[in-house]
1. Any residue that is buried (at least 17 other Cβ atoms within 10 Å of the Cβ), under 20 Å from B:L113 (Cβ atoms) and of a type in the set (D, E, K, R) - is there at least one of those in the stretch B:192-215?
2. Is it the case that A:Y215 is surrounded by 22 or more Cβ atoms within 10 Å (Cβ to Cβ) and either away from chain B (no Cβ under 14 Å) or of a type in the set (K, R) (or both)?
3. Criterion first (at pLDDT 85 or above, in a helix (DSSP H, G or I) and of a type in the set (A, V, I, L, M)) does A:L142 satisfy it?
4. Being away from every other protein chain (no Cβ under 14 Å), closer than 22 Å to B:R290 by Cα, not β-branched (V, I, T) and not in a loop (DSSP other than H, G, I, E, B) is the filter here, so list the residues in the stretch B:151-190 that pass it.
5. From the residues in the stretch B:67-116 that are among the aromatic types (F, W, Y) and within 20 Å of B:I304 (Cβ to Cβ), which one is surrounded by the most Cβ atoms within 10 Å (Cβ to Cβ)?
6. Is it true that A:I188 is closer than 18 Å to A:V117 by Cα and within 14 Å of another protein chain (Cβ to nearest Cβ)?
7. Given (1) over 26 Å from the mean Cα position of the chain (by Cα); (2) in contact (Cβ under 8 Å) with a residue 40 or more places away in the chain; (3) surrounded by 13 or more Cβ atoms within 10 Å (Cβ to Cβ), identify the lone condition not met by B:Q2.
8. Does the stretch B:141-150 hold any residues that are of a type in the set (A, V, I, L, M) and within 7 Å of chain A (Cβ to nearest Cβ), and which are they?
Amino acid sequence: MADAAHVDHVSPLGGRWQSFTTKARRIGDLSKTALKSPTTLAGAVIIVILIAMAILAPLLVEGNRPDPYQLPRDWSAINVPPGTPGHPLGTTSEGGDVLYGVVWGARTSLRLAFIVVGITLVVGTIIGSIAGFVGGKWDEVLMRVVDVFLAVPELILALAIAALLGPSFRNIIIAISILGWPRYARIIRGQIIHTKENEYVDAAHVIGDSKFRIYLKDILPNTITPVVVAATLQMGAVVLFAATLSFLGLAEAGIAEWGNLVGEGQAGIVSGRWWVATFGGLMVFLWSLGFNLFGDGLRDVLDPRTEGR
Amino acid sequence: MQVREYVVRRLLKLPFVLLAVTVAVFALSRVGGSPIAIYLEHEMSPDEVQALEERYGVDKPLPVQYVAWLGGVARGDLGWSGVSVAPVSEVLPARLVATMELATLGSFIAIALGIGLGTYAGARRNRFSDHVIRVLTVSGASLPLFWFALMMLILFYLIIPIAPLGRFDPDVYSQITHYTGFYTIDSILNLNPSALVDAIVHLALPAFVLGFEGMAVVARMMRSSLVEEMGEDYVDSARAKGLPERRVIRRHARRNALIPTITVIGLSWGVLLQGSVVVENVFRWPGLGRWATEGVIRGDRATIMAFVLVTAVVFLVVNLVVDVIYAYLDRRVVLGAG
């Protein structure tokens with residue numbers, strides 16, 4: 001239970017963001033410790049490679065015009081196997097280049113992950129903070145809503161939401177965002193209630209700090225650690241989740257996204273065309289594996305209480 | 001007595017959660033356009049549209065519509081499935097049974113393999129086999145199920161062609177009488193060995209794929225709770241009595257380690273239900289998940305609503321049962337220790 005947070009508050013006159021930066025620096029230091037484990041390091045390496053691929057996509061494979069997130073179609077080369085000149089990883093049944101889908105799919109995934117994690121983190125933090133810090137009736141009502149969200153398997157709900165909004169990748173992002181915040185809300189609420197009990201919070205009340213200032217300076221920074229772990233794991237999970245939905249046919253046809261690539265390749269498998277589904281799915285696996293390995297390693301050093309659970 | 005109180009409280013809570021789920025499902029069905037949109041045609045006059053709205057009651061206030069819909073659900077009226085071209089209530093039971101058959105075998109595989117591997121790894125902590133199993137379980141959690149299913153299909157359909165697609169061979173399937181809808185059970189009741197073989201051959205691969213994900217979760221939990229139990233005093237005293245290590249693990253440590261694992265088994269039921277959607281699509285299994293996916297792609301609201309409702313109810317009930325079992329088991333541990 002000995003948390004460095006207690007040390008962060010020796011100077012009540014420090015800047016509002018001081019404890020945030022102290023926390024962030026501590027997490028940075030601990031991440032370096034985490035990287036000493038070979039599996040965590042492997043996860044980090046996979047993440048770096050895939051993110052580099054996402055950022056450098058336009059340099060690796062020239063973007064399709066007008067929409068770079070659509071697979072370019074080569075109608076003269078349909079269903080060609082890997083190794084064909086011009087199509088090193090083969091093409092789909094509609095002449096879509098698999099290599100293009102693999103490379104630009106990284107960009108699609110990175111965008112998706114940032115958007116979804118960003119939205120759900122902000123919404124979850126606000127709702128979890130109201131529940132934990134304000135408490136009372138607010139807490140009761142908000143947590144019942146969270147319970148209902150967590151009561152039903154999320155793929156089932158996401159399927160329903162995305163279906164009713166209509167099939168498109170944007171709607172997949174919306175559906176996943178709607179379902180993602182309750183987890184953060186629960187983590188942050190628990191952490192805030194735990195932190196409120198500390199003596200330095202009482203001390204801050206005594207010296208006349210405003211409630212909002214106490215929340216921002218003394219309480220919120222203590223939620224960072226579990227949230228960083230949760231966000232890392234979520235970066236991997238949302239891409240896997242979105243890929244599943246688009247595999248099931250909920251994204252627009254021909255989008256440069258890994259799950260969609262698997263979906264387009266599925267029908268060809270029974271006739272022996274293994275490559276489209278194999279490469280698309282391999283990328284989802286690597287992405288998800290990278291963030292899981294790294295997130296697990298991070299949790300072991302940041303949040304040892306939950307190790308192995 | 002605390003346990004009984006807890007169970008009663010949980011039971012009383014269930015109707016409220018179920019009601020909340022019906023509200024959520026109803027609300028979902030009203031986002032993104034009018035629910036009668038699929039019946040509308042371009043050449044319809046405003047009067048005709050209004051007549052349709054009156055017929056389906058969508059001109060009334062939402063709470064009235066909700067009550068009317070809920071009343072229908074209570075009577076077993078779940079609407080018309082455009083995908084199956086039949087009332088939902090007629091299609092649903094057969095689909096549900098097909099999924100239950102797959103999910104039951106899948107969960108059996110997940111639990112048996114998970115507990116086995118978890119015990120094996122936990123008893124050999126930090127040895128080579130432990131590391132191998134850890135890598136297996138971590139990849140199990142990261143593996144996209146839809147991709148794993150397709151890779152298995154490539155392996156056992158294309159390369160080593162032993163796994164057929166679908167749920168049955170129609171010639172064999174039509175030979176027997178279907179009392180329960182469970183193909184395996186019915187083939188036994190009919191005393192028809194070739195039907196039983198047909199059922200198992202079709203079930204094996206999809207059930208294994210479905211169980212794999214849950215297996216990883218169960219194995220991980222089993223390992224960590226066994227490692228914890230192995231550090232307890234009673235394990236040392238069992239060893240001091242001169243019991244062989246196998247017996248110490250099987251009769252003492254594993255029994256206690258199973259208790260926290262039961263919670264995970266309950267949770268992995270949710271994983272299994274979600275997984276069935278994917279697995280049924282890959283292996284062309286005529287279950288609930290495949291039916292719902294068709295409904296989703298074609299925007300068939302009645303099908304989607306029925307699917308969400310049924311899965312939510314199954315999931316909530318299974319979770320309740322697991323919680324109750326857990327409460328009783330946990331109490332026994334507390335009493336035993338005191």
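1. yes
2. No: the conditions fail for A:Y215.
3. Here the answer is yes, as A:L142 does meet what is asked.
4. Scanning the stretch B:151-190 gives B:P170, B:Y173, B:Y183.
5. This residue is B:W69.
6. Judged against the criteria, A:I188 is not a match.
7. Here B:Q2 clears every test but (3).
8. Hits for the stretch B:141-150 are B:A141, B:L143, B:L150.
The values are calculated or read from the model by the stated rules, or taken from the named source; none is laboratory data. Small disclaimer: the values here were computed from a predicted structure and weren't measured. Methodologically, a virtual Cβ is constructed for each residue, glycine included, from the backbone with ideal geometry; neighbour enumeration extends over all protein chains shown.
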